[in-house]
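The values are calculated or read from the model by the stated rules, or taken from the named source; none is laboratory data. Every value quoted in this text rests on a predicted model; they were computed, and no experiment measured them. Reconstructed Cβ throughout: ideal geometry from the backbone, glycine too, with neighbour counts over all protein chains shown.
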């Protein structure tokens, strides 16, 4: 699928992109539990899900929400029915609600997940904190793309059309000679949970030159992906050799297989954000994330 992205670089209010709503980011279909299920059954279902709680429904209608914390309070009564220990009603969103409003509800009330219902009150989706983060990452993307586009145009004297499409990983041409294993583990975790920010690439006659997103694409490759979403800068002259290409050639980079994966050293971002965590703790954390990635493949 190809989408023209030129409209995402607005010149005035009339060209501002449409405000994103909950329907653009909600997870669907949603797993739910019934009021007649036992505490033990619901606990197992939450443990096997990616959520910290699940909606309670009757015939598809939302009647409540049960969290892991609430289940802990009644852990001594594993055979009790959820309807006997639950609180009726719950905060919820509707598909037409803006992501900004959904974010306010989640953060104002300290929620991690927010069920989404239609006009009849039937459960149709779930929105979570991670979806809010994803929406903000996507909001910042046009500014980043515009910055890269402007720089490349000024440096090379050419102009780019901007489109969004899925690109084959085996046609990507790297411009970075090494990546860090600990960052690959973290990126795999993000991708698995939907935080797969598009790459920024330049279309060439022999493939796509990666400008931004080497850790993302290398993580996706390790996870078995064959395609990945990208913002593609398509030049009006594909025969002009870019400075990035000359650097990649000097480093002997012709495919993703030429990118070296650094083990043992921390990515600078990981170094900064985990400086209070000793090496043993960090190794255990990375091992847990790696096991999680393998189990979910």
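I want to confirm something. Restricting to the stretch 104-130 and keeping residues that are part of a helix (DSSP H, G or I) and touching a strand residue (DSSP E or B) at 6+ places or on another chain (Cβ under 9 Å), which single residue is farthest from residue 54 (Cα to Cα)? Even if it seems obvious, please write down each step before you answer.
In the first step, residues of the stretch 104-130 are kept if they are part of a helix (DSSP H, G or I); the result is 104-108, 129-130.
Checking which are touching a strand residue (DSSP E or B) at 6+ places or on another chain (Cβ under 9 Å) leaves us with 105-106, 129.
On the way: 105: 17, 106: 15, 129: 14 Å.
The extreme case among them is 105.
Give the stretch 93-117 a look and list any residue that's within 17 Å of residue 64 (Cβ to Cβ) and either modelled with pLDDT under 90 or surrounded by fewer than 18 Cβ atoms within 10 Å (Cβ to Cβ) (or both), or say none.
105, 109, 111, 112, 113
Working only within the stretch 70-91, note down all residues that are assigned to a loop (DSSP other than H, G, I, E, B) and buried (at least 18 other Cβ atoms within 10 Å of the Cβ). Full working, then the answer.
First, the residues of the stretch 70-91 that are assigned to a loop (DSSP other than H, G, I, E, B): 74-80, 86-91.
Passing the criteria: 86, 90.
Before we move on, is residue 27 within 27 Å of residue 134 (Cα to Cα) and modelled with pLDDT of 90 or more?
Considered against the rule, which asks whether it is within 27 Å of residue 134 (Cα to Cα) and modelled with pLDDT of 90 or more, residue 27 comes out as no.
Residue check: is residue 244 assigned by TED's automatic domain parsing to the domain that holds residue 163, at pLDDT 90 or above and under 30 Å from residue 159 (Cβ atoms)?
On the way: assigned by TED's automatic domain parsing to the domain that holds residue 163: yes; at pLDDT 90 or above: no; under 30 Å from residue 159 (Cβ atoms): yes.
Spelling it out, it is not the case that residue 244 is assigned by TED's automatic domain parsing to the domain that holds residue 163, at pLDDT 90 or above and under 30 Å from residue 159 (Cβ atoms).
Just one of (1) at pLDDT below 90; (2) assigned to a helix (DSSP H, G or I) trips up residue 51, so point out which.
(2)
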